[in-house]
Amino acid sequence: MVLSWTKRKVFRHLRKVTKEDQPPSADDIVIPVHFCCPVSLDIMKDPVTLSTGITYDRDSIDKWLESGNNTCPVTKQLLTTSDMIPNHAIRKMIQDWCVDNSSHGVQRIPTPRVPLSRYDVSRECKTLLSGSQHGDDATCRESLAKIKAWGKENERNKRCVVGNGSADVLARAFQNFSRDSFDKHVVVLAEILENLTWMLPIGEEGKGCLGSENSLTRLVLFLGGNDLGARQGASLVIKELSAEALEKNEQLVESLVKMIREPIGPIATKSCLATIFNLVSLAQSRELIAERFVELGLVSLLLDIILDGERGITEKALGVLDSICDFQKGKDFAKSNALMVPLAIKKILRVSELASSFAVSILWKVWDKSDEGALIEALQVGAFQKLLVVLQVGCDDSTKEKATELLKLLNAYRGKAQCVDSSSLELNYLKKSF
């Protein structure tokens, strides 16, 4: 009995000694407090010091400032500048400490790369602008390659590039090269366009450069070209420009219709529809532009999109169709298409609130008391019920007034039509399947 108790005591003592002799793991190591970031409480990988003298890990303080904070997290003092000074001394101490504790599983923190600064961006932009003024494609392409690499490296670099006016500089360079032969500078122009697409939105200075006659001519050439990337880039950039600048280019309308007829992707299609909407809604010669779109067959293309397009594209297509119906030629062409009435009714309450407003507005513009056949057709596909629901679920005042007028117009013909549920309509037979 005594021997058994003694053995247990010895074994417990041996286990305790063995445990104490084992080296501590990385989880058991106590990290010095001044090596930890005050925000994340983790060991700093890239320590930087703010103007208040407090050192933080770069990633942590970046996130703090991006969240809209303009004070030092520790001192609560207002930051007079967002400049961050790398703290090489503390970084070297952290690395030495990691090496000293490597036997415990602590890995050495690598020396961080020098972050991109606004001075780097400014210097490269000056080189690019100077090269474009002298027609030096090689120099400009080298600068564009650097800017593109910075933007792809990480989000911080991308914000640094965009936040320091690079888009305006690229727009100015695009304008400079546009003064010369298109074929001579097509490669560098395409590379400028590629970089501009991830710097949107463009400032007023940049819009002025891209909206110039020469620049817009080059953009339209890209829009109607064979390079899919350049076509999408051109559609995104053109969407940023004002209707006043766009209406001066006679080839733009044809190129936009080509993009709708031969879509290359939803992003480009949405951009082109947004541009068309601006032209037929805001341009001084909007009626002539709308008539030109109608002559090129845009109404039929819009109805095809509305029939089976995704929600975002369908909403924009309805908006464009609504604007085209402001003019007599557009209204007449829309009324003559068998798809127009049933599609507009079917899309009410099925896409978005804005799309429903556009659909009600289209019907309000194309219907009149003398068109008894169209009104009876509308009743047969459930227009009366849809418009009642629109009033019940709530809508803006303009849509409410139009829906009320349409209901009064339809009410006179309710006895002449047998209503059916529009949700059960099969409209796919009106368009070839995929």
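The values are calculated or read from the model by the stated rules, or taken from the named source; none is laboratory data. Computed from a predicted model, the values in this text were never measured in an experiment. Backbone-built Cβ (ideal geometry, glycine too); neighbour counts: all protein chains shown. Ligands, DNA and RNA are excluded from the accessible area calculation, which covers all protein heavy atoms including side chains. Shrake-Rupley method; radii C 1.70, N 1.55, O 1.52, S 1.80 Å.
For the stretch 153-193, enumerate the residues that are out of contact with any helix residue (DSSP H, G or I) (no Cβ under 9 Å at 6 or more places or on another chain) and open to solvent by less than 50 Å² (accessible area, probe 1.4 Å).
Listed by number, the list is empty, since nothing qualifies.
Is there a residue in the stretch 222-242 that is at pLDDT below 95, within 21 Å of the chain's Cα centre (by Cα) and open to solvent by less than 20 Å² (accessible area, probe 1.4 Å)?
no
Could you run through the stretch 286-305 and say how many residues are closer than 17 Å to residue 255 by Cβ, small (Gly, Ala, Ser), outside any loop (DSSP other than H, G, I, E, B) and open to solvent by 10 Å² or more (accessible area, probe 1.4 Å)?
Looking only at that region, the number is 0.
I need a count of the residues in the stretch 39-70 that are exposed (fewer than 14 other Cβ atoms within 10 Å of the Cβ) and modelled with pLDDT of 90 or more.
Residues in the stretch 39-70 being exposed (fewer than 14 other Cβ atoms within 10 Å of the Cβ) and modelled with pLDDT of 90 or more: 5 in total.
Need the failing condition index for residue 150 against (1) open to solvent by 80 Å² or more (accessible area, probe 1.4 Å); (2) in a helix (DSSP H, G or I); (3) under 30 Å from residue 199 (Cα atoms); (4) touching a residue at least 24 places away in the same chain (Cβ under 8 Å), just the number.
Result: residue 150 passes all but (1).
Do the conditions hold for residue 316, that is, is it part of a helix (DSSP H, G or I), of a type in the set (Lys, Arg), touching a residue at least 40 places away in the same chain (Cβ under 8 Å) and in contact with an Asp or Glu (Cβ under 9 Å, 6 or more places away or on another chain)?
Against the criterion (part of a helix (DSSP H, G or I), of a type in the set (Lys, Arg), touching a residue at least 40 places away in the same chain (Cβ under 8 Å) and in contact with an Asp or Glu (Cβ under 9 Å, 6 or more places away or on another chain)), residue 316 does not qualify.
So which pairs qualify, if the first residue must be in the stretch 389-412 and closer than 14 Å to residue 354 by Cα and open to solvent by less than 90 Å² (accessible area, probe 1.4 Å), the second must be among the aliphatic types (A, V, I, L, M) and in a loop (DSSP other than H, G, I, E, B), the Cβ gap must be under 9 Å, and the two must be at least 6 apart or on different chains?
Note: pairs meeting the criteria are 390/348; 390/349.
Which residues, counting only those in the stretch 103-147, are in a helix (DSSP H, G or I) and within 30 Å of residue 35 (Cα to Cα)?
103, 104, 118, 119, 120, listed by residue number.
Let me confirm something: among 77, 107, which residue is in contact with a Cys (Cβ under 7 Å, 6 or more places away or on another chain), within 30 Å of residue 40 (Cβ to Cβ) and open to solvent by 80 Å² or more (accessible area, probe 1.4 Å)?
One residue alone meets the criteria, 107.
Of 141, 113, 118, which residue is open to solvent by 70 Å² or more (accessible area, probe 1.4 Å), within 25 Å of residue 179 (Cα to Cα) and not hydrophobic (A, V, I, L, M, F, W, C)?
141
Select, from 323, 271, the only residue that is among the small types (Gly, Ala, Ser), part of a helix (DSSP H, G or I), out of contact with any Phe, Trp or Tyr (no Cβ under 7 Å at 6 or more places or on another chain) and crowded, with 20+ Cβ neighbours inside 10 Å.
Going through 323, 271 in turn, the sole match is 271.
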